[in-house]
Amino acid sequence: MPPKKTARKTHTPARTSSASSLNSSTAIASESLQEMVHEMESQLNHVMNSPVFSPEVRMSNTEEDEKADAFKETPPMLDEEVVKTLDVPKWLTDERVVEHLEKSIKEQNLEKEYECTIELFGLGTTTSNTGESNNGHLLITTKGTDTRQLGRARRVLEDILIKHLVEVTPKTAYRKNNNKNPYPPSLGRLLYSFALSAADNSPKWNDRNRHRTVMGRAKLPLLSKAKVWMNIVELPKDDEGHFHGMFLAGKGGKLFEYYRERFGCRVDIYGDFSKDGDEEKSDNESALLCDPYVLVTSKDGKSNVDDCLQFIEHRIREHADKFGVSRDRDVELLGEKRRFRRQPKAEGQKTEQKQQGGQRRGRSSGNKKKGETS
């Protein structure tokens, strides 16, 4: 028993010394941590009291951040008013369209709805400054500081004009076979006019050619939001004033399939191509408010439409040489430009031509006699 008591006495001082050493190390660590926290607080106070982080500056930065966030959420606003134009073609311009526009703008309260000012200029309109205008067509202007609202107002105005075209076109002339064609034949030319006017208003569009290929609203369905590349082809006529256009459809309409497969384009031919005295008249008789035309559209790209136009212009030239038909001089010059336009080279063709050119230069340099220099 005495040995056990001796063992207990020897273990107790060891635990006491270990606990005292632990308490001393904890105290040292606590003092070091307090010193670090005190030093960090002093540095932070020094920085916050500097002029860069003064309350005025912090307040201004917060206001700027709020303004930036508000700008991201709101449409782009401009300091000055922007003026956008919409041209109404001559063949649709009369007193009826002016009356229809004025009535629709007032009833729908478009100026308040889209925060803009809408004015009409041209034939059939009256302004306080110039009085009645004798221009050959109608011009619609929208003014405002919000470009997005101006775009929305433009689309509503286009819808108003499309609905007016449907109303003034004789329905019995084109709505046959249980409303197989629910849209007037002049719609394609009107949509192309809208597309040209919209492209002219774009600051990114440098080409101002009045016969260029542009992106516009699709014809189907009516009042569609879809976009397609489009262009118009003017048709020739003979000495008696009859337009020729059905030759572009081919025998049995086979060329329509060729246009789709070869160029990826849809081609629509509009006009009354029957001769005087014919018993059968086309569906477009008396329904076409404009001159006969060809509408070429494609969803794939601008080059598809341009390639299809080139083919059509070659067909028109062949038909003109055979039957003696013609078009206006300006239209003929446009057709010549389309027929002989330069084809853009594909990337693969460019690479292949460069490789062939390098091989030819290599062969020519290798055939030189020794001592010759280039």
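The values are calculated or read from the model by the stated rules, or taken from the named source; none is laboratory data. All values reported here derive from a predicted model rather than from experimental measurement. Here Cβ is always computed from backbone atoms with ideal geometry, including for glycine, and neighbour counts include all displayed protein chains.
Of note:
- Pair list, Cβ under 7 Å, 6 or more apart: segment 297-312 residue over 22 Å from Glu332 (Cα atoms), other residue modelled with pLDDT of 95 or more and of a type in the set (A, V, I, L, M): Ser298/Val228; Ser298/Val305; Lys299/Val228
- Residue in segment 343-352 that is assigned to a loop (DSSP other than H, G, I, E, B), modelled with pLDDT under 90 and on the phi > 0 side of the Ramachandran plot present: no
- Any hit, segment 267-279, residues being within 20 Å of Ser303 (Cα to Cα) and either touching a helix residue (DSSP H, G or I) at 6+ places or on another chain (Cβ under 9 Å) or at pLDDT below 80 (or both): yes
- Residue list for segment 320-333, restricted to those being farther than 25 Å from Arg266 by Cα and in a helix (DSSP H, G or I): Asp321, Lys322, Phe323, Arg329, Asp330
- Selection within segment 136-164: residues that are of a type in the set (Gly, Ala, Ser) and outside any loop (DSSP other than H, G, I, E, B). The member of this set that is nearest to Glu107 (Cα to Cα) is Ala153.
- Residue count for segment 283-315, restricted to those that are of a type in the set (A, V, I, L, M) and over 31 Å from the mean Cα position of the chain (by Cα): 0.
- Single condition Leu223 does not satisfy, out of (1) surrounded by fewer than 16 Cβ atoms within 10 Å (Cβ to Cβ); (2) farther than 17 Å from Thr85 by Cβ; (3) at pLDDT 90 or above: (3)
- Any chance Phe263 is at pLDDT 95 or above and of a type in the set (A, V, I, L, M, F, W, C): yes
- Applying the condition of being free of Cβ contacts under 8 Å to residues at least 60 places away in the same chain and not charged (D, E, K, R) to segment 154-173 and asking which residue is farthest from Glu95 (Cα to Cα) yields Thr172.
- For segment 75-98, the set of residues classified as over 15 Å from Leu157 (Cβ atoms) and modelled with pLDDT of 90 or more consists of Val82, Lys90, Trp91, Arg96, listed by residue number.
- Among the residues listed as Arg175, Arg189, Arg208, Arg212, the single one being surrounded by 14 or more Cβ atoms within 10 Å (Cβ to Cβ), modelled with pLDDT under 80 and of a type in the set (D, E, K, R): Arg175
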